[in-house]
Amino acid sequence: MKYSIKPREIIHSLTPYVPGTPVENIKNRYGLKTVYKLASNENLCGVSENVIREIKENINEISYYPDGDALLLKNRLAKFFCVDEKNIILGAGSDELIMYICITFLEKGDNVIQSWPAFIRYLQNAKIMAATVKLVPLKNWKHNVKAIIDSIDNKTKIVFIDNPINPVGTYLDISNFEWFMKRVPKNILIVLDEAYFEFVDKKDYPDGLYYLKKFPNLIVLRTFSKSYSLAGVRVGYGICSFEIADWINRVRCPFNVNRVAQIAAAASLKETSLYKRKIAKIKKEREYLQKELTNAKIEFVPSNTNFILINVKQDSSIVYEKLCRKGVIVRPMKGIKEIENYIRLTISPKREVNKYVIKLLNEMRYQGLVWGQEVASL
Ligand code: PMP
């Protein structure tokens with residue numbers, strides 16, 4: 001069939017984002033009753049009852065458009081982080097904010113810099129805007145800030161830093177972050193993506209908000225998807241100078257954060273001590289999983305997030321498939337050549353689920369299915 005409608009030239013080179021496999025797919029495919037989705041770094045601790053109650057109390061209002069300025073949510077965020085409301089920009093997930101940032105600041109001829117492997121949505125959105133992407137390899141699994149600085153040229157518009165890094169789980173420490181910020185030219189936007197900051201408990205982890213006054217070219221992105229278990233309603237936020245927020249607001253869709261999402265996020269901010277306890281549970285399970293992986297001599301990258309990158313030393317799509325058949329969905333890293341023998345496992349808050357995953361990995365390892373050798377019978 002001949003198409004007469006043509007997309008922009010750059011669109012030909014893009015492929016759609018591949019999300020984690022939904023539970024229902026695997027249930028139907030393998031006739032399983034119970035399937036654990038540990039593929040998309042959601043926080044599986046569950047939403048606070050008060051948040052659910054507030055959603056229910058307001059559900060009849062969904063016939064109205066949401067508040068386009070999301071004043072209640074912005075007001076709560078502003079109080080919570082001691083910033084001004086005009087310094088906050090909201091998105092349907094921080095994913096949407098990444099897209100808005102690229103639309104707002106990039107055009108053909110510009111380049112952006114990010115580490116690799118790191119979050120893939122930066123490069124995908126930059127490409128949509130026909131910008132060039134420079135990928136800087138990680139060094140010992142961490143951002144190589146010196147190499148990032150060396151990659152900057154007069155066409156560089158944005159540097160994306162995910163801290164911690166998805167899918168790796170390591171973080172950039174205070175001294176390296178400060179070293180980097182002092183050297184970046186002030187006309188380059190630094191997007192510091194702290195999607196997983198609540199899961200880090202290291203003293204030398206930099207809090208991006210602390211640097212906003214000193215570095216007006218910085219935007220800090222955060223999300224309600226991870227720590228507040230609200231991935232399904234899509235709310236993310238950026239904190240930055242008024243000037244940057246104002247530019248981005250000019251391209252933002254009028255009602256981008258829906259009514260339910262605004263209520264859920266605003267209500268969540270009243271429940272922070274509950275969520276802190278839930279996050280502590282995940283951290284405890286992280287310790288458990290890492291200890292078990294170490295005992296089983298399975299290599300992994302020590303994590304500061306709610307997921308772990310595990311080296312399965314063989315084609316990760318095969319391990320993914322084997323685990324699916326047993327009711328566990330993970331994220332295979334096949335397709336990213338530097339880590340194509342790795343899977344990314346979201347940490348469940350439930351000990352029995354994590355135990356089950358370790359059991360499956362151990363079985364694969366010791367049933368003669370030594371990592372590195374594919375066995376046809378499975
Ligand atoms: N940044 C990073 C580093 C992420 O891992 C994710 C989620 N995968 C996002 C941003 C986007 O999160 P959300 O759109 O759910 O806020």
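Some observations on this one:
- Counting the residues of region 137-147 that are in a strand (DSSP E or B) and either over 20 Å from PRO164 (Cβ atoms) or within 16 Å of the ligand (Cβ to nearest atom) (or both) gives 1.
- Meets criteria (at pLDDT 95 or above, more than 15 Å from the ligand (Cβ to nearest atom) and open to solvent by 30 Å² or more (accessible area, probe 1.4 Å)) for VAL251: yes
- Within region 158-176, the set of residues being more than 10 Å from the ligand (Cβ to nearest atom) and among the polar types (S, T, N, Q) comprises THR170, SER175, ASN176.
- Single match in ARG222, ARG234, ARG259 (criterion: charged (D, E, K, R), within 24 Å of ASP173 (Cβ to Cβ) and surrounded by 20 or more Cβ atoms within 10 Å (Cβ to Cβ)): ARG222
- When VAL200, VAL220 are screened for being within 18 Å of ILE279 (Cβ to Cβ), within 16 Å of the ligand (Cβ to nearest atom) and either of a type in the set (A, V, I, L, M, F, W, C) or without any contact (Cβ under 8 Å) to a residue 60 or more places away in the chain (or both), only VAL200 passes.
- Of all positions in region 49-63, none carries a residue that is touching a helix residue (DSSP H, G or I) at 6+ places or on another chain (Cβ under 7 Å), within 16 Å of the ligand (Cβ to nearest atom) and closer than 30 Å to CYS240 by Cα.
- So LEU71, is it open to solvent by 40 Å² or more (accessible area, probe 1.4 Å) and either of a type outside the set (Asp, Glu) or within 22 Å of the chain's Cα centre (by Cα) (or both): yes
- Verdict on LEU123 being within 15 Å of the ligand (Cβ to nearest atom), touching a residue at least 60 places away in the same chain (Cβ under 8 Å), on the phi < 0 side of the Ramachandran plot and touching a strand residue (DSSP E or B) at 6+ places or on another chain (Cβ under 6 Å): no
- Hey, VAL235 more than 30 Å from MET364 (Cβ to Cβ), without any contact (Cβ under 8 Å) to a residue 40 or more places away in the chain and within 12 Å of the ligand (Cβ to nearest atom) or not: no
- Unique match (being under 30 Å from ILE239 (Cβ atoms), among the hydroxyl-bearing types (Ser, Thr, Tyr) and at pLDDT below 95) among TYR3, TYR17, TYR65: TYR17
- If the condition is being within 16 Å of the ligand (Cβ to nearest atom) and either over 20 Å from the mean Cα position of the chain (by Cα) or more than 15 Å from GLY93 (Cα to Cα) (or both), then region 238-248 contributes CYS240, ILE248.
- Some residue of region 321-330 being crowded, with 18+ Cβ neighbours inside 10 Å, assigned to a loop (DSSP other than H, G, I, E, B) and at pLDDT below 95: no
- Residue count for region 84-96, restricted to those that are more than 8 Å from the ligand (Cβ to nearest atom) and either open to solvent by 50 Å² or more (accessible area, probe 1.4 Å) or over 10 Å from VAL235 (Cβ atoms) (or both): 6
- A single entry from LEU172, LEU218 fulfils the requirement of being among the hydrophobic types (A, V, I, L, M, F, W, C) and closer than 30 Å to ASP67 by Cβ: LEU218.
- For the residues SER94, SER175, the requirement of being in contact with a Leu (Cβ under 8 Å, 6 or more places away or on another chain), of a type in the set (Ser, Thr, Tyr) and more than 26 Å from GLU9 (Cα to Cα) singles out SER94.
- The set of residues in region 204-235 that are within 19 Å of LYS186 (Cβ to Cβ) and of a type in the set (Gly, Ala, Ser) contains only GLY208.
- Within region 23-39, residues that are over 18 Å from LEU345 (Cβ atoms) have Cβ atoms under 6 Å from residues that are surrounded by 12 or more Cβ atoms within 10 Å (Cβ to Cβ) and not β-branched (Val, Ile, Thr) in these pairs: TYR30/ARG325; LEU32/GLY327, counting only partners at least 6 apart in sequence or on another chain.
The values are calculated or read from the model by the stated rules, or taken from the named source; none is laboratory data. No experiment lies behind these values; they were computed from the predicted model shown. No Cβ is skipped: glycine too gets one built from the backbone with ideal geometry, and neighbour counts run over all protein chains shown. Just so you know, the surface numbers come from the protein's heavy atoms only, side chains and all, with ligands and any DNA or RNA stripped out. Shrake-Rupley method; radii C 1.70, N 1.55, O 1.52, S 1.80 Å.
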